[in-house]
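So the structure is just underneath, and the comments pick up after that.
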Amino acid sequence: MLCASCFTSLTAPKKKPKRDWFLLTTSLQLGIGLIIIWMTIFLVGRILLSIPESFHEGSVWEALGNR
């Protein structure tokens with residue numbers, strides 16, 4: 001058995017904790033994600049630029065076909 005005041009205190013909705021860090025952590029995650037995406041695209045571009053021009057012109061494939 002519970003008294004009315006104890007019952008209301010037990011069944012009262014709990015206050016949600018404040019989310020002070022939500023904006024900071026969300027913006028930090030967004031920034032880190034953008035940096036990762038930028039670095040990936042940058043590195044893929046560097047790899048593509050390091051391929052010799054003869055490969056792009058097709059002369060490598062022609063040389064392989066003549067063998």
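Computed from the coordinates by the stated procedures, all read-outs in this text should not be read as laboratory data. What you see is a predicted model, and the numbers here were worked out from it, not measured in a lab. Using ideal geometry, Cβ is built from the backbone for each residue, glycine included, and neighbour counts are taken over all protein chains shown.
Structure notes:
- Placing pseudo-labels 7 Å out from each Cα toward the beta carbon at residue 2 and residue 38 gives an inter-label distance of 5.4 nm.
- Once the Cα gyration tensor of segment 1-40 is diagonalised, semi-axes √(5λ) in Å: 47, 8, 4
- Of the labelled figures (i) -0.48, -0.85, -0.98, -1.16; (ii) -0.67, -0.85, -0.94, -1.12; (iii) -0.32, -0.71, -0.94, -1.35, only one reflects log10 I(q)/I(0) by the Debye sum over Cα atoms at q = 0.12, 0.18, 0.21, 0.29 Å⁻¹ as derived from the coordinates, namely (ii).
- Inter-centroid distance (Cα atoms) of segment 32-60 relative to segment 4-23, Å: 54
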